[in-house]
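Data block below; observations after.
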């Protein structure tokens, strides 16, 4: 048991040190909830004017509730912030990273809001094309693209293919040759920088599957080969340094290393690389431990770095692009659950913990188990005057690691039938969802101006059994 | 870098200490592969007489290849071993834990082979009933069963519902009352024992979502309430101590604690509990670190424990049941992948690692990322005389943690288009599969006597897009 000031005050406190005893357990903590989330007059949570009780009644629980205006506001905020920061140079584009969460409606919003779209498989490309997303604003990623995926992307006319290995240069070139067209490509460079949370590591080696190593010379060799390939147009270089990044320290090192490569290419090959994609990975607030910066602060900080370093190397500031996914989709969405079983478990000494079981779990949010992620939650169908208790929100799966929220305070009178909302589940929750224990996947509904619209419908038992043909 | 004898010999060795440099990298290591797996005359791997190249051609890759005879042999081995070990007492039944892997064909095999079936959701129950599995041999588990699931189970006439909390006693009783029938129930007891790999922890407290605490008195209270409920028949007590268990030490402690409760119930309530379910969790061999025992050795060891402890407490030896899932399904299946990109990554110093990308990944096997599991693999479409190299087998997903096999040796000439097999993927791989990056889930095919039969068909892009209605 950790020493904890609130623990001494509140007796049975099993909370981790980062989790303060709440002054008011009914508060919607600033930054954790989508813009349209508020307490209605009677205390229930509403999103974009829609009461969560109405959502539960109309579409059932669990359900992903996406605040459409919030999603689009964040998309436009990134577009504007980076555009503004590089306005006096060659400009900057923002690509939404579809892997975070993608469906037809999201592709259309992103299109309308003037962003590009990252896809990394044929399946994601199919969603984008089906939604009418303009191919020239699509980038295809992937460490192991199949020939079929490359062919499909080239036939559709995607704006760029981000080449990830030396072998892929010849493959894309050959497929472009077969199709009698030219392929616009970027080269993904591994800079050896790894950023996550509030730290980054500027490692010398690069023990991961992505990209072309700078230090080993693969990146320079890839530029050389791409320039001499018959059907490839080198658009620029790409770097992605990690996820849940809260400051620009990692970008400082990565940008310096990649700009040095640009200078080397200029000096040794006489070719000017005039576009850089510095990837995404901008962090979000899952709980009070996280302090994300605004798009404006991030963009200004990165622009300062890129402009200064370009000058030092006597390079024109290249055109930039960035790929936020989590930072757009994540905070837009909350998962709405209904509470079932509640169990008060003694932890030894005076400590105990309420295990609050909900009607979903690791099938709709595997991030807690997969990344040891700390989520938050709130009693959302009502307010309560009961004293806060330390809870662990768990799912209904037959596995002890089936945990949704490891540590949180909820009102001590939380009871079966209550609605609980888990915020910031818009990224990498639905996209990683499974049918573990044959649990159908929840729907994703968009709320806007008091209306509910189903983006992805709830799976049915028939959907699940439909693949079982043996 | 770890000190490693083979490393010194083989220069660029980045293997962990547990992974020996192979004498012959083409060897099918004993215990890792299903009974029907062998090298055909030309060196390719065949399963139940079916060449993996034929499987790849007919159903594509990735694919789960399930050796039907192997699965059924293991199911019958557990049935026979536990039946034999308790033959001179009240006998023992074996329930296959469907959460490991369940489809209609599996339910039918398990039924024909005389085992019971554990389900833990309405979805798993639906699969079983649709396959014609006799309801009286089904047990319904779950820490957070919905009223609908309880009702459906009672209407179907399942053999027992394993009650997991005090609140559930009243709920099952009330639903049985509504349906005007009686419910046979077991009570899941948390003994405070946690077993995994080669260790167990006999903790005093029980910080998890499952079961009724022995130490807190909940378990005894649950027996008392169940006996006084109007519509409940108490079948027995249930305990499950963990997973990947390789010895019987944890069962020694758990059985003693649960038998003491049986004695307490006899002494204080005058009621004889004559059935115990000691759960499952029997370990399998994912790599050479694991040394599972045979069902016969496990059964004999547990029988010795239960018989001795029953005598000490002057109890009749109860009827036992056990719930293997992984140990039946896991080793029956291998995942067949096709190699795409190969990348030689320098790790610093003389060390390097081949990153071998395959056409699946964390969408079809999340266990490596989720549990830090160590899998093995083999070049299965051919043999090779090339010197072994340390490889990491990674998937095609847009995430650096997308790793299938962290550490393995493959022939150094592994190349795009090669088939690679990962053994022991029959449990918790398909059942946890996702559509991450909109990758369709692979098929599960059974092979037997030279024939291929599709149990679960491959998902199509249409399947994936079918839920996207917004």
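Going by the alpha-carbon gyration tensor, a ≥ b ≥ c the square roots of its eigenvalues, is the range B:247-356 rounded (a/c under 1.5) or, if a/c is not under 1.5, prolate (a/b greater than b/c) versus oblate?
Values: a/c = 3.88, a/b = 3.12, b/c = 1.24.
Since a/c reaches 1.5 and a/b is larger than b/c, the shape of the range B:247-356 is classed as prolate.
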Within the range B:306-334, what residues put their amide N at less than 13 Å from the label point 7 Å along the Cα-to-Cβ vector of residue B:28?
B:332-334
Sites residue A:89 and residue A:385, calculated FRET efficiency, Cβ-Cβ separation with R0 51 Å, nearest 0.05
0.35
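One-quarter of the Cα convex hull surface for the range B:141-324, in nm²?
Numbers: hull surface 42.7 nm².
In nm², the orientation-averaged hull projection of the range B:141-324 is 10.7.
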Expected sort for B:398, A:120 with the fewest Cβ neighbours (10 Å cutoff) up front is B:398, A:120
Using a 7 Å Cα-to-Cβ projection, residue A:230 label spacings across copies, nm, ascending
8.7
Taking the Cα of residue A:174, stepping 7 Å toward and past its beta carbon, and measuring to each backbone N in the range B:407-433: which are under 18 Å?
B:414-419
Output the 0 to 90 degree angle, nearest 10, between the alpha-carbon long axis of helix A:68-85 and the longest principal axis computed from the alpha carbons of chain A.
40
Antiparallel bridge percentage (DSSP; both residues within the range A:326-411; nearest 5)
75
Run the simple label-point estimate for residue A:57 and residue B:260 please: 7 Å along Cα→C-beta, distance reported in nm.
5.2
Calculate log10 I(q)/I(0) of the range A:376-437 for q = 0.13, 0.16, 0.19, 0.21 Å⁻¹, where I(q) comes from the Debye formula with a single equal point scatterer on each Cα and nothing for solvent.
-0.40, -0.60, -0.82, -0.96
Compute the acute angle (0 to 90°) between the alpha-carbon long axis of helix B:166-179 and the principal axis of greatest extent of the alpha-carbon atoms of chain B; round to the nearest 10°.
70
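Report D for the range B:319-470 in µm² per second (integer): Stokes-Einstein, Kirkwood Rh on Cα pairs, 4 °C, 1.567 mPa s.
Working: Rh = 16.8 Å.
The diffusion coefficient I find is 77 µm²/s.
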With only alpha-carbon pairs counted, each pair once and no self-pairs, how large is the Kirkwood hydrodynamic radius of the range B:405-454 in angstroms?
14.0
State, in angstrom, two size descriptors of the range B:52-179 derived from its alpha carbons: Rg to one decimal place and Dmax to the nearest whole number.
17.3, 57
Dimensionless Rg ratio for chain B, taking C-alpha atoms and the 2.2 N^0.38 Å reference
1.05
Just how many % of Cα pairs in the protein assembly as shown lie over 42 Å apart, if you round to the nearest whole percent?
37
List, shortest first and in nm to one decimal, how far the label point of residue A:178 (7 Å from Cα along Cα→Cβ) is from its counterparts in the other copies.
5.9
Can you tell me the FRET efficiency between residue B:413 and residue A:181 if r is taken as the Cβ-Cβ distance and R0 is 22 Å, rounded to the nearest 0.05?
0.05
Counting DSSP beta bridges with both partners in the protein assembly as shown, what percentage is antiparallel, nearest 5?
50
May I ask you to report, in nm to one decimal and beginning with the shortest, the distances from residue B:112 to the same position in the other copies, taking label points 7 Å along Cα-to-Cβ?
5.6
Inter-site label distance for residue B:196 and residue B:108 at 7 Å from Cα along Cβ, in nm:
3.7
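From the helices alone, meaning DSSP H stretches of at least four residues, give me the mean residue ellipticity at 222 nm for the protein assembly as shown, per-run term -39500 (n - 2.57), in deg cm²/dmol to the nearest 500.
Values: 26 runs with 276 residues, N = 940.
Helices in the protein assembly as shown give a 222 nm mean residue ellipticity of -9000 deg cm²/dmol.
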So what's the angle, to the nearest 10 degrees on a 0 to 90 scale, between helix A:249-269 and the longest Cα principal axis of chain A?
10
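Say R0 is 51 Å: what FRET efficiency, to the nearest 0.05, do residue A:39 and residue B:17 get from their beta-carbon distance? Could you put the intermediate results ahead of the total?
On the way: r = 56 Å, r/R0 = 1.10.
My answer for the efficiency is 0.35.
FYI, it's all coordinate maths here, none of it is from the lab. Because the structure is a prediction, the values reported are computed rather than measured. No Cβ is skipped: glycine too gets one built from the backbone with ideal geometry, and neighbour counts run over all protein chains shown.
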